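The values are calculated or read from the model by the stated rules, or taken from the named source; none is laboratory data. These figures come from a predicted structure and were not determined experimentally. Cβ: placed from backbone, ideal geometry, glycine included. Neighbour counts: every protein chain shown.
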Amino acid sequence: MTAKFNFRHSLVLLFFLSLNITLFAQGADYTITGKVIDNDLKVPLEYATVSITNTNDPSKVTGGVTDVNGKFSIDVAKGTYNIKVEFISYESKVFNNRTVNSDLSLGTIALGVSSASLDEVVVRAETTQVDVRLDKKIYNIGKDLTTSGGTVSDALNNVPSVSVDIEGGISLRGNENVKILINGKPSAMAGFGSTNVLSQLPADAIERVEVITSPSARYDAEGTAGILNIILRKEKTLGFNGSLTLTGGDPANAGASANINYRTEKYNLFNTTGYRYRKSPGNGYFDTKYFEERAVPLLEDINYDRNIEDRDMDRENKGFNTNIGLEYYINDQSSITGSIFYRKGDDEDLTTNINEYFLNGADQLGTTRSELETEDDESYQFAVNYINKFNDKGHQLTADFQYEMDKEEKAAFISELVDYNNTDKDNIRIPREETNTKEDQKEYLVQADYVLPIGEGSQFEAGYRGNFENTVTDYELRQENEEGILAVNENQTNIFDYTENVQALYTQYGSKFGDFSFLLGLRLENTHLKGKIESELTEEELREEFGFQINTNFDNNYLGLFPTVNLIYELGKEENITLGYNRRINRPWGWFINPFPSRNSRTNIFQGNPNLQPAYSNAFDLGYLKRWEKLTLTSSVYFQRETDAFQRVQDNITIPGPNDTEVDVIRTLPINLGTNDRIGAELGLLYNPAKWLRLNGSVNFFQFDINGEYNGINYSQKNTSWFARFSSKVTLPASIDWQTNAFYRGASEDIQGRNDGILSIDLALSKDIFNENATISVNARDLLNSRKRKGTTITDRFEQYSEFQWRQRQVNVSLIYRFNQQKNQQRKENREMQNEDMEGEF
């Protein structure tokens, strides 16, 4: 439902927030304080756990965690208590029968590393671990050898529930409508909604990945599949430390990245800088059989009923990125962090399409089409974060401001030569084409979050987020005329000005009663989508040009409520059940809306649809987790109904060519089709049977039931598919680690055909050297060179078989050197990472 966002809606937003501002907090008589440090390094232990049990009534348990300085402060009533201080893999300290009739200070508490658990810590530090929260699963990536020297996209492909397709597209449980966040916010590092930048950032920049299939109200409602929140590293260790990574590989792949950190009691300075040079050869194959004869594009005297296109892609990518920040501790309760992210890309892609045209099995002619595309891309991001902790119980206020700017310039030079086969005709050259695209993107983010603990085990939260984004795409097509001069094609040249503004207020409340916890939330979100197309053509002429009505100046507002419910029941200390419900939105982004078609192929194009409306979904998720000493099991079943679901359809159309000609092409067009019911189940296992062997596997089975029609054609389809991944890590003699990752995606049906299964295997070997201060590794990604998308599309006018490989097999050698990072120190950082969570207990 659409609505204009006016003053009345503003009052609704204010009233919505005011419903939750009257709260109360329970007081206490006295305060127990102290500070927890590492016994060897004498550094504070953040997120150490303090448990306080009433000796007269052991069911009355309270407690808290230490702050960044290792301090804690817990309010209790008068009485006698047993106090226990714990930190993962450290020896605990217990203070029994402490009588509290005034404020009690336990002073400085030094914990030592537990010798009994030291080997277990090594295992946990080097393999992916999972932690289940009310609204998400947190995967600590660990030491993944197969992604050493790789990218963030490579690392994501090893996270359960997540898959990265051969073009870098990310999906969650088989659904591509996933929202990507960096450190909890939209970011230039994620490419303004595109995932291209993730293939340029180094994998070792990741600290953890949060898979949020049932997002709470604090998160943007965008993404019907859910949210992937990528948390980047920011070291917490006092002093100066860091690491340097060098990478080389074949096909040509060279890179260097450095992570450095300098921390004092007053500030923390951090920086990640990297440079990458990479060649990514790829290929495509399209065999199209038409049910009726047609004329060869631009050559009306030749007919054909079959076209075979071989496509070779030679991509060269050069990129530099750096992120520098400073966190300043104003006092024990508050800090301010400023950071600057900069990225520079310089790419050159050469695509060669060889087409053969047949009639009744006889070869008629061939064409060779070359497209050289250059791209210069530059991004800036400035971010400021302020946090004020009113106390050590989680009562806090955070505020964020972020500004991002991206400038991108593309130029493409297209030429094509016709080779007449088995005839005496002379070869001819099809008129040249040249395109120039300039894209300017700007985005502002303003966000504030308030968290208030209430009594024992309860928490209230409210906040505001505003995202204001504008993209201007200036596209020019020039084609060679009969005089050999490149002239502007006025029908295709255009300027597309697209604005997406999203404002939201949210509130949520969570509480814990014994073994049962819940988190209830409601988000009120206004989406403002505005677009303007500047073209020489009128709307009627555009309709004739592209075959559907196009609004050249649209302005849409959508106001909606998005409730969330997340429940968790602890069956035991290492066993729980979770249940979640949420309503989501999938907004069309610029590439899906711009109606002017791509030109990377003479016969196969993609065209956006400015008439796309947002899609909405309601989703349910039931999960189960069980941990044993050496085994962790995670599982879930889920159901989602999406309305106005996005689908891509292919049809056969003609588009204008040079010199007033028309070109016959197959067009891929995104549309709002109808309803899409998704049901699925997933199972994951983490098994560490011995110190020298770690195993990790998951399987996801799902079914999509699509119902709807477009242009009088019924596209209803039921699609059942699955994907699975397996990873093993073995420690060989001489302390050499061997890791194997395998991924398989099963065959599936879609609304116009079938996709074949895809198998991919990665292999890696690694060894610590230089007294364990450095690691050298060799890995092969897509060892069998089998990561190809294969499928068949069938319409009422043609049948097409296609193969597509975005990147061929890659072999890399990398060296990581760590300085001032002792092994024990690294283990403690990993434990801190496992305990940290942006939302505390809830």
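One residue stands out in the stretch 659-704 among those that are within 25 Å of the chain's Cα centre (by Cα) and of a type in the set (D, E): the one that is surrounded by the most Cβ atoms within 10 Å (Cβ to Cβ), namely E682. Listed by first and then second residue, the pairs linking a residue in the stretch 541-559 that is surrounded by 13 or more Cβ atoms within 10 Å (Cβ to Cβ) to a residue that is among the hydrophobic types (A, V, I, L, M, F, W, C) and part of a helix (DSSP H, G or I), with Cβ atoms under 6 Å apart and 6 or more places separating them unless they lie on different chains, are I550/L542.
Quick check on the stretch 723-737: of everything there that is loosely packed, with under 15 Cβ neighbours inside 10 Å and not β-branched (V, I, T), which residue is farthest from A690 (Cα to Cα)? Only one residue tops the list, namely A734.
Residue-by-condition table, conditions (1) under 30 Å from F606 (Cβ atoms); (2) free of Cβ contacts under 8 Å to residues at least 40 places away in the same chain; (3) hydroxyl-bearing (S, T, Y); (4) assigned to a strand (DSSP E or B):
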{"position": "P453", "(1), (2), (3), (4)": "no, no, no, yes"}
{"position": "G463", "(1), (2), (3), (4)": "no, no, no, yes"}
{"position": "T471", "(1), (2), (3), (4)": "yes, no, yes, yes"}
{"position": "Y475", "(1), (2), (3), (4)": "yes, no, yes, yes"}
{"position": "R478", "(1), (2), (3), (4)": "yes, no, no, yes"}
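Every residue, every condition in (1) within 24 Å of the chain's Cα centre (by Cα); (2) of a type in the set (S, T, Y), yes or no:
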{"residue": "Y290", "(1), (2)": "no, yes"}
{"residue": "I302", "(1), (2)": "no, no"}
{"residue": "D312", "(1), (2)": "no, no"}
{"residue": "K318", "(1), (2)": "yes, no"}
{"residue": "Y342", "(1), (2)": "yes, yes"}
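Just one residue in the set I230, I260 is at pLDDT below 80, among the β-branched types (V, I, T) and part of a strand (DSSP E or B); that residue is I230. For beta carbons closer than 6 Å, sequence separation of 6+ or different chains, a first residue in the stretch 281-297 that is farther than 21 Å from Q810 by Cβ and a second that is among the aliphatic types (A, V, I, L, M) and assigned to a strand (DSSP E or B), the qualifying pairs are D287/I308; V296/I302; P297/V663. Going through D301, D287 one at a time, which residue ends up being in a strand (DSSP E or B), under 23 Å from S415 (Cβ atoms) and of a type outside the set (G, A, S)? After applying the criteria, what remains is D301. Identify, by number, the condition in (1) touching a Phe, Trp or Tyr at 6+ places or on another chain (Cβ under 7 Å); (2) modelled with pLDDT of 85 or more; (3) under 21 Å from N470 (Cα atoms) that R587 doesn't meet. Status for R587: all satisfied but (1).
Among the listed residues F460, F468, F413, identify the single one that is in contact with a strand residue (DSSP E or B) (Cβ under 6 Å, 6 or more places away or on another chain) and either at pLDDT below 85 or surrounded by 19 or more Cβ atoms within 10 Å (Cβ to Cβ) (or both). Explain how you work it out, then say what you get.
Numbers: F468 fails: either at pLDDT below 85 or surrounded by 19 or more Cβ atoms within 10 Å (Cβ to Cβ) (or both); F413 fails: either at pLDDT below 85 or surrounded by 19 or more Cβ atoms within 10 Å (Cβ to Cβ) (or both).
Answer to the check: F460.
One residue alone among T108, T80 is under 25 Å from E265 (Cβ atoms), modelled with pLDDT of 90 or more, surrounded by fewer than 18 Cβ atoms within 10 Å (Cβ to Cβ) and not assigned by TED's automatic domain parsing to the domain that holds N331, and that residue is T108.
When F382, F341 are checked against the criterion of being touching a helix residue (DSSP H, G or I) at 6+ places or on another chain (Cβ under 8 Å) and in a strand (DSSP E or B), a single residue qualifies: F341.
Yes/no matrix, rows are residues, columns are (1) in contact with a Ser or Thr (Cβ under 6 Å, 6 or more places away or on another chain); (2) farther than 30 Å from S370 by Cβ; (3) modelled with pLDDT under 90; (4) not assigned by TED's automatic domain parsing to the domain that holds G697:
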position: G560; (1), (2), (3), (4): no, yes, no, no
position: T578; (1), (2), (3), (4): no, yes, no, no
position: W591; (1), (2), (3), (4): no, no, yes, no
position: N611; (1), (2), (3), (4): no, yes, yes, no
position: Y616; (1), (2), (3), (4): yes, yes, no, no
position: L625; (1), (2), (3), (4): yes, yes, yes, no
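T564 passes every criterion in (1) over 23 Å from the mean Cα position of the chain (by Cα); (2) among the β-branched types (V, I, T); (3) buried (at least 20 other Cβ atoms within 10 Å of the Cβ) apart from (1). Scanning the stretch 737-757 turns up one or more residues that are in contact (Cβ under 8 Å) with a residue 40 or more places away in the chain, outside any strand (DSSP E or B) and either on the phi > 0 side of the Ramachandran plot or out of contact with any helix residue (DSSP H, G or I) (no Cβ under 8 Å at 6 or more places or on another chain) (or both).
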